[in-house]
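Q: Dumping the structure here so I can ask a few things about it.
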Amino acid sequence: MVIISSTSTMAIREVTGSHVLTIDGYSMAKQLQPGEFLTSSTFMAAGHRWCIRYYPCSSDYPYPDDPPSKWTSMYLQLERRSYSNSNYNGSSPCMARFTISLLDWNGQVVPWCSHVSKDGIDMAGFRKFVKRKDLDKSDHLRGDCFRVCCDITVLVKETTTPTVDGTATNDVATSVANAAAAVRSAVVPSATVANAVAAAVRSAIVPPPTVANAVKSTVVAAPLLPPPPAAENTVSKKEMTKEDDDDDAPARFVVVPPPDMDRHLGHLLSSGEGADVTLEVEGETFMAHRTIIVWSPVFKEELFGPMEEGTSPTCVRIKDMEASVFKVLLHFIYTDLLPPDVVDDDGESETMAMAQHLLVAAERYGMERLKLMCEDKLCNYVGTSSVGTILALAEQHGCDGLKKACLKFLMSGSNLKVAIATDGFDHLAKSCPSVLKELLSKVAL
């Protein structure tokens with residue numbers, strides 16, 4: 001009796017690829033309606049063709065109770081013609097995992113905006129990718145642009161099967177050899193043709209993975225609601241629970257919370273616990289900690305500068321500043337953040353006035369980052385009625401970026417003609433005549 005035995009091997013490999021997408025024209029994209037999206041150019045990654053859908057205003061389906069305008073969405077889509085490149089049957093998508101992350105301008109992933117999928121299929125992604133408000137106020141939105149990175153991992157199956165003589169042959173190699181043999185047995189046997197067909201088969205079966213360059217989304221597609229997010233492919237890493245995780249994923253027993261030092265220091269300020277210095281502004285007193293407020297070089301000089309031995313001031317009077325402005329300044333010194341009521345533009349005139357006063361205070365106390373934040377915020381308030389006072393402020397306090405924004409605005413259309421008739425422009429003419437000369441020289445050109 002003849003016993004014929006055979007063996008085969010199934011090898012699972014991971015093929016990875018990355019793609020960086022630049023969204024240019026963010027402010028214009030925000031005008032799209034819920035469910036409308038921008039589609040990136042098609043790119044190759046991990047051996048397949050993909051595109052990214054960007055929804056500037058997330059659809060409210062299937063979450064009618066969640067206001068759609070709060071969030072933007074990002075979805076990764078596998079092109080259907082790419083299915084034939086998969087090692088699975090032609091009607092099945094490839095098995096993929098992916099991460100979509102917001103990037104800073106050094107090309108680093110922003111930790112609070114990085115979402116990880118599970119095994120993906122035709123189209124999957126993250127309906128709650130980032131809050132519009134959080135993106136608007138972040139440093140990662142510059143020049144009306146922001147960038148995201150999509151890292152893709154595809155599982156590829158390779159098998160070997162025995163031939164008639166018992167030797168193992170790779171499926172891909174077998175397909176290539178068969179195609180070459182078919183050509184050689186054709187009416188016109190030609191080694192050149194056979195080699196060409198073999199090369200064509202190799203390129204069709206094993207497309208080389210590449211990493212595409214960053215592209216700009218410029219096509220607005222017809223309104224289309226994103227698919228209902230299934231549990232297996234739309235759960236972000238920070239939202240995953242033990243029950244949601246699958247058996248193949250490594251168990252995660254410890255969840256590390258994000259840094260919250262600002263919250264602790266903010267509580268220390270509000271509670272006054274351990275305070276050792278009193279700051280008096282317009283009759284209102286603020287309890288503070290000298291070892292914290294010396295972050296400001298001005299406070300450092302006042303509290304630890306040259307003084308008689310054994311003396312140290314326990315009360316500092318602040319002149320020429322409103323108490324409400326100093327309160328925000330002190331909050332920033334402790335937390336490196338602005339209070340929510342200053343960040344949110346609920347009252348445009350009040351917010352603009354606070355930003356102006358806070359810019360002056362930041363320069364006075366050597367808080368350069370706060371000064372730049374105020375300068376950046378005021379760029380959003382440049383208009384025909386406000387450009388005069390804002391330009392004067394920029395000139396008096398050395399805010400080059402803010403000054404350029406004002407001059408650019410005045411040189412556009414009929415803005416200069418309208419602005420000249422305002423009280424703010426009268427203030428500019430009296431306080432900063434040199435700026436008017438500079439402006440006139442630009443107009444003459």
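The values are calculated or read from the model by the stated rules, or taken from the named source; none is laboratory data. Fair warning: this is a prediction, and the values are worked out from it, not measured in the lab. In this analysis, Cβ positions are derived from the backbone assuming ideal geometry, glycine residues included, and neighbour counts consider all displayed protein chains. Calculation scope for accessible area: heavy atoms of the full protein, side chains included, ligands and nucleic acids excluded. Shrake-Rupley method; radii C 1.70, N 1.55, O 1.52, S 1.80 Å.
Q: Residue separation times 0.36 nm, minus the C-alpha to C-alpha distance between Asp136 and Met321: what's the value?
A: 63.7 nm
Q: What distance in nm lies between label points placed 7 Å from Cα along the C-beta direction at Ser431 and Thr291?
A: 4.1 nm
Q: Ok, one more. Between Val298 and Val418, what FRET efficiency follows from the Cβ-Cβ distance if R0 is 51 Å, with the result rounded to 0.05?
A: Efficiency for this residue pair is about 0.80.
Q: Please compute the modelled spin-label separation between Trp112 and Ser349, points set 7 Å along Cα→Cβ, answer in nm with one decimal.
A: 3.2 nm
Q: Just to verify a number: what accessible area does Ile292 come out at with the full protein assembly present, 1.4 Å probe, Å² rounded to tens?
A: Ile292 has an accessible surface of roughly 40 Å² with all protein chains in place.
Q: Quick one: length gained pulling Phe253 to Asp24 fully straight, 0.36 nm per residue minus the C-alpha distance?
A: Contour length minus the Cα-Cα distance gives 78.5 nm.
Q: Extension gain Ser270-Lys404, at 0.36 nm per residue separation less the Cα-Cα distance, in nm?
A: 44.4 nm
Q: Determine, from the Cβ-Cβ distance of Glu282 and Arg369 and an R0 of 35 Å, the FRET efficiency 1/(1 + (r/R0)^6), rounded to the nearest 0.05.
A: My answer for the efficiency is 0.85.
Q: Per-residue HN-Hα couplings for region 362-379, Karplus 6.51 cos²θ - 1.76 cosθ + 1.60 at θ = phi - 60°, whole Hz, x for Gly and Pro?
A: Result, ordered by residue: 5, 5, 4, 9, x, 9, 5, 5, 4, 4, 5, 5, 5, 4, 5, 5, 5, 4 Hz.
Q: So for Trp105, Trp50, what's the accessible-area order with a 1.4 Å probe, most first?
A: Heavy-atom accessible area, descending, gives Trp105, Trp50.
Q: Hey, which of these cross-link pairs are over 24 Å Cα-Cα: Lys133/Lys300; Lys327/Lys404; Lys327/Lys430; Lys70/Lys377; Lys137/Lys403; Lys327/Lys403?
A: Pairs exceeding the cut-off: Lys133/Lys300; Lys327/Lys404; Lys327/Lys430; Lys327/Lys403.
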